[in-house]
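Encoded as C-alpha cells, the structure appears first; notes follow it.
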Amino acid sequence: MQTVLGANGQIAEELTRYLHDNVTDDLRLVSRNPSKVHETDQLFIANLLDAEATAAAVAGSDIAYLTVGLPIDSTLWEQQFPTMMANTIAACQKHDTKLVFFDNTYMYPRTPTPQVEDTPFEPSGRKATVRAQIATMLLKEMNAGTIEAVICRAPEFYGPGKTKSLTNAAVFDRIKHGKRPMIPLNAHTRRTLIWTPDASHGMGLIGNTPDAYGQTWHLPIDPQRMTYADMIQIASSVTGKKISYTTVPEALFKLGGLFNSAVKEASELLPRYRADNIFDSSKFAARFPEFKATTYRQGITELLEQ
C-alpha cells in the first residue's frame, strides 16, 4: 500500500491519479477531511500534528508521500510544519515505511545563480527559515541512515484545477477572466515554473524508483527560460488577443501589506522576482529521459482553453 499524507491539494490529487494509473490501486489518502479521487481509494482521517494519529495513518504502508500544504502564514508554518515533519519521520521509522517528501525552493539563495540539488540553503525570511528547518530535519535522518527517504523539490507552480500560486492568481486566472495580468516587480526576469501534474508525476516516478532514495531531486520542468513578458506573448497567441499587463512595484506591495495580511505574507517572496530564477532539473532529465516535461506553450494553452 502507498499512502498520501495531506491529500486534499492539487499536488496530492495528481499524485494519486499517477499512482493509481501506473503503480497500484492500493492507496490510502490521509487528511483531516479526505475525499476520494478513485472509487478504490481508502480514506483515513488524521491530523498530522498528532503523533499517534500520524503513526496510525502510516501503518501498513510501503511508501508514504508527505505533500501537506498550509496557507501562507508565517506563524502557522512555524507552529505546524516542524511538528508534522517530526511526526511523519517517526511514523515512517516505526513502520519501516519509505518517505517521499515534496519540498519547495524557499530556502535557496535569491540570486540568478542556477539552483541545483546541492545548492546550500540560505533562508531569508520566516517561511524560508521554516522550509530550511524541516528539510534539514529529514536530511539529518537520511544521512544517519535511520530512514529510507527522498526529497522531491519543485519551484513555483502553475497549472490546472486547484493549483494555487502567485502566477496562477495574478497572471493566468486574470487573463481567463478578461482582466489585465499583474506582474510582480519585473516582467523581464527569467522565471522557472513547474506544471503541477509534472511535479506530481515526477514525484510518483521517483518514489517508485528504488535507487532514487537517499537523495534530493529537482522535479521536471521545461528547460526554456521564459520571462513573464514571453508567457503573456504566448497567451496572446493562444487567445488571439493582444494582452497588456501591469508591472506592480515592490513599494505597492509594501503599502498593501499595511492593510492586508495576505499581501504582507506574500511580500516575503518578492525578492525572488527581482532577478532571474533558474531552477535546474537536468539530474532528473538524465535519469528519466523518457519523461517529457510540459512546455510553457502546452501548459499555457491548456490553462487558457479550459
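The values are calculated or read from the model by the stated rules, or taken from the named source; none is laboratory data. Please read these numbers as outputs of a predicted model, since none were measured by experiment. Virtual Cβ from ideal backbone geometry, glycine too; neighbours counted across all protein chains shown.
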(message) I need every pair where a residue in segment 192-215 that is under 10 Å from I151 (Cα atoms) and in a helix (DSSP H, G or I) has its Cβ under 9 Å from the Cβ of a residue that is modelled with pLDDT of 95 or more and of a type in the set (G, A, S), sequence separation at least 6 or different chains.
(response) M203/A154; I206/A212
(request) Output the residue which, of all residues in segment 119-141 that are in contact with a helix residue (DSSP H, G or I) (Cβ under 8 Å, 6 or more places away or on another chain), free of Cβ contacts under 8 Å to residues at least 60 places away in the same chain and part of a loop (DSSP other than H, G, I, E, B), is surrounded by the most Cβ atoms within 10 Å (Cβ to Cβ). (result) P123
(request) Kindly establish whether A51 is in contact (Cβ under 8 Å) with a residue 40 or more places away in the chain, hydrophobic (A, V, I, L, M, F, W, C) and farther than 11 Å from V4 by Cα. (result) yes
(request) Within segment 265-306, count every residue that is under 21 Å from A169 (Cα atoms), touching a helix residue (DSSP H, G or I) at 6+ places or on another chain (Cβ under 8 Å) and assigned to a helix (DSSP H, G or I). (result) 11
(message) I need a count of the residues in segment 254-306 that are exposed (fewer than 15 other Cβ atoms within 10 Å of the Cβ), at pLDDT 80 or above and small (G, A, S).
(response) 2
(request) Provide a single number: the residues in segment 1-40 that are within 26 Å of E156 (Cα to Cα), among the aliphatic types (A, V, I, L, M), part of a strand (DSSP E or B) and without any contact (Cβ under 8 Å) to a residue 40 or more places away in the chain. (result) 2
(request) Taking the options T239, T216, T167, name whichever one is farther than 20 Å from P114 by Cα, surrounded by 19 or more Cβ atoms within 10 Å (Cβ to Cβ) and of a type in the set (S, T, Y). (result) T167
(message) Anything in segment 172-184 that is surrounded by 21 or more Cβ atoms within 10 Å (Cβ to Cβ) and assigned to a strand (DSSP E or B)? List them, or say none.
(response) I183, P184
(message) Residue under question is Y108, and the condition is that it be surrounded by 20 or more Cβ atoms within 10 Å (Cβ to Cβ), free of Cβ contacts under 8 Å to residues at least 24 places away in the same chain, within 22 Å of K164 (Cβ to Cβ) and of a type in the set (F, W, Y); does it hold?
(response) yes
(message) I'd like the residue in segment 41-92 that is in a strand (DSSP E or B) and over 20 Å from the mean Cα position of the chain (by Cα) and, out of all such residues, is surrounded by the most Cβ atoms within 10 Å (Cβ to Cβ).
(response) F44
(message) Filter segment 142-171 down to the residues that are among the basic types (K, R) and part of a loop (DSSP other than H, G, I, E, B) and list them by number.
(response) K162, K164
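Yes/no per residue for (1) farther than 30 Å from I243 by Cβ; (2) modelled with pLDDT of 95 or more; (3) out of contact with any Ser or Thr (no Cβ under 9 Å at 6 or more places or on another chain); (4) surrounded by 23 or more Cβ atoms within 10 Å (Cβ to Cβ):
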position: H95; (1), (2), (3), (4): yes, yes, no, no
position: L99; (1), (2), (3), (4): yes, yes, no, yes
position: Q115; (1), (2), (3), (4): no, yes, no, no
position: E148; (1), (2), (3), (4): yes, yes, no, no
position: A154; (1), (2), (3), (4): no, yes, no, yes
position: H188; (1), (2), (3), (4): no, yes, no, no
position: T192; (1), (2), (3), (4): no, yes, no, yes
(request) Please find, within segment 167-222, the residue that is nearest to the chain's Cα centre (by Cα) out of those that are of a type in the set (D, E) and under 21 Å from L66 (Cβ atoms). (result) D198
